[in-house]
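Reviewing the structure listed below.
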Amino acid sequence: MSETNLTTTDLQTQTATHLSAIELGLGSTLHAFKIPFTGHFLSLNQGFFLSYTLRILSASTTQSRFQLAQITFEISILAALLKSLSPAGQKWGPMLSISMQGILYSVGICVFGANIVGAIFGMIFLSVWAFIQPLITLVISFGFSDIQKMFSFYIKRLDQDYQISNQNLWTVLISIFAIKMILASLIALASFHMKSQKIKKIQQKLKIRHLNSDTNSANNVKKSVHQKVFSDITKPLFLLSFTLTYIFLFMTEDNSVLFFWKALRPLAIAILVFYFLRSETCHRLLLKFVSKSEYLKSLHQKSQKVFNQLD
């Protein structure tokens, strides 16, 4: 059966299955080996799948932009919910990123239409979240005021020691944002103009079955919550942020007691947050919340269907 002959629900489930396979397979592998920019690659990959699905639906159905926006949003939610069904690996961070990126993509469709323009703006909105989520993590772990002071401190030091002005830093940051937005726009254009057979070949190359990461999953299952929390706080991004904060406090704080307190406070907050996110109790509370809504229950049932198709 060709994709144009699939029902909307079947196409939605099929896309969610392919997206989930990549998130669970390739995504887990890239994260396990600490490959840089993994989150940015996966966000663009998600946008590619959503744009291709939008292309098929906009050409074969008469549904409104809001209905198509809901369909693409639900694909992302299905992929995110599948993370909650996965027996191993990180759940909450990827679930949040996949969901938020789906919401932002849907905003582009709602505002600019279920067409190539809506897909381009949806991709642009979606691509921003991979920059925002790490900042939210840092603010939760260290506090907004400390992060703000730390950035201000290092910006001044860069200007004094290396003559890197504030304007140059903003130029670099804006350039990075612009590059990803251009890539996102090109991917949206490609998804609307590439031949279906070519896209299927790309999907098959990207699609790594969940079974391929059984070794990593088995090792992850054996880890206790405490071991997983320790793994969280030894990640490069967290260690870099904590080290920079520690140096900042060491160079600016005269009172040794305050220095000790301020240095340990963000670490304690981070451990509590990571422990809460790793807790099975939190997972059960989420599922209990989902069970109270018929709409969320239907999405969860669809995610189980997608999960079964991966096996």
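What follows is calculated from the coordinates using simple rules that are stated; it is not laboratory data. Only a predicted model underlies this, so the values are computations on that prediction, with no experimental measurement involved. Glycine gets a Cβ as well: all are built from the backbone with ideal geometry, and neighbour counts include every protein chain shown.
Key figures
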read-out: Nonlocal amide H pairs with I164, under 5 Å, H built at 1.01 Å; value: D159
read-out: Mean projection area, nm², convex hull over Cα of the range 37-76; value: 2.7
read-out: Segments 46-54, 9-17 sorted - mean Cβ within 10 Å per residue, highest first; value: 46-54, 9-17
read-out: Of K180/K235; K228/K297; K235/K292, pairs whose Cα-Cα distance is over 31 Å; value: K235/K292
read-out: Overall dimensions of the range 57-138 as given by Cα atoms, namely Rg and Dmax in Å; value: 13.8, 44
read-out: Spacing of the two label points (7 Å from each Cα toward its C-beta) at Y246 and W261, in nm; value: 2.1
read-out: Full-stretch length increase - K297, L186 - with 0.36 nm per residue and alpha-carbon distance subtracted; value: 36.4 nm
